[in-house]
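Have a look at the structure below before the remarks.
The values are calculated or read from the model by the stated rules, or taken from the named source; none is laboratory data. Note that the coordinates shown come from a computational prediction; the quantities given were computed from them, not determined experimentally. No Cβ is skipped: glycine too gets one built from the backbone with ideal geometry, and neighbour counts run over all protein chains shown.
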Amino acid sequence: MNDPRQIAAGIVGAVDWQTEVSGFCRCPGESLHTHKTGKKDCRINVDGAPTIYCFHSSCAPAVASANFNLRKQMGGSPWEITLPGGRVLRSGDVLQSSGAVLRREVVQARARAEGRDAGEQLALETLKVVAERFKPELFEKFRWPFAQIVADSPLLVSERDADDQFRTWLKLWPAHCHVWIGDVYSSGRPEHRTHFRPVAEWYQIGPVMGNYTCGSAFKPGSFQRSNANCDGTRFMVIESDTLPKDEVGAIFAYLNQRLHFNLHAIIDTAGKSLHGWFDAPRDRQIELRLKAVLTVFGCDPKLFTYSQPVRVPGAFRDGRLQRIVWLKN
Ligand SMILES: [Zn+2]
């Protein structure tokens, strides 16, 4: 029986194993890095869908080719290893952060239950555990505390007044869009049509119709904030109920710099959290993978419900201004 860790070492060289199946290694594309390389930037995982993952993005082609190689070699030689306590982990099983073994048969059953390709299900299950393993490095490497976010804003926005905040935010939208603004219940009946208006009308009205909006635009004539009424123009609004303002910035920076989702604005909700407004994922597969990873990082999975209400800049919440604190130039 092969040891998967030997196959791994044959591809990436010496591995500093952190668990039975995951460790730090030298990035196969290290020479392509455009930023300083740290000891914990690249990790190899042999469980689930065997994966090498590096925090740099410039090395992506070399990492992809090493991953292809790794999966090809592992795929050709089934393995099993005995974990402490005598449990057995086989190729295709996933070692959960709790220490439990997610058996490959369970992964396949989940794929069938979801009507999903078995390979994609394994990729999703692997992404979740890899995200768990990477989480400490992510919050360390991409750390972006609140004061720094405000100081780093390409445009000075945080001190603008309420009307200016609101109109600045409206400019994020293409001119033809119909946008909803209201309170959470300003939706569902014909009289709520007045909360769905073109951007130009909102520009005239100002921030007086409620504290909430949506990351999605709606079809003209809508009076209900539902996914079916979204017109396809949308932002992905990232929020977390658990991460404080000094921590959630790491997720924003990671998405913007590493995953190249375009960050448009960061909004201070005048409560405990910050919202990052990003381009929406290009397709359903990317969206599902991102949802799996962001949930592990502590983000709210509701953000993938595109008709979800979020705080609008320029409105006051208990006397405090909901405002943009970082804005792309
Ligand atoms: Zn790399």
- request: Mind listing whichever residues of the range 92-144 are at positive phi and buried (at least 17 other Cβ atoms within 10 Å of the Cβ)?
  value: GLY92
query: Out of the range 49-98, which residues are touching a helix residue (DSSP H, G or I) at 6+ places or on another chain (Cβ under 7 Å), without any contact (Cβ under 8 Å) to a residue 40 or more places away in the chain and within 12 Å of the ligand (Cβ to nearest atom)?
result: CYS54, SER58, CYS59, ALA62
Residue within the range 35-48 that is near the ligand (Cβ under 10 Å from one of its atoms), in contact (Cβ under 8 Å) with a residue 12 or more places away in the chain and crowded, with 22+ Cβ neighbours inside 10 Å present: yes
task: Report yes if ASP231 is assigned to a strand (DSSP E or B) and among the acidic types (Asp, Glu), otherwise no.
output: yes
- prompt: Scanning for something modelled with pLDDT of 95 or more, more than 16 Å from ILE149 (Cβ to Cβ) and among the basic types (Lys, Arg), does the range 240-247 turn up at least one residue?
  reply: no
field: Unique match (being over 22 Å from the mean Cα position of the chain (by Cα), buried (at least 16 other Cβ atoms within 10 Å of the Cβ) and within 9 Å of the ligand (Cβ to nearest atom)) among GLY23, GLY29
entry: GLY29
statement: In the range 91-124, residues that are assigned to a helix (DSSP H, G or I) and farther than 21 Å from ALA8 by Cβ total 13
field: Pick from the range 307-322, criterion assigned to a strand (DSSP E or B) and under 22 Å from the mean Cα position of the chain (by Cα), ranking: surrounded by the fewest Cβ atoms within 10 Å (Cβ to Cβ)
entry: VAL310
- request: Can you confirm whether the range 254-269 contains a residue that is of a type in the set (A, V, I, L, M), under 16 Å from GLN322 (Cα atoms) and touching a Gly at 6+ places or on another chain (Cβ under 6 Å)?
  value: yes
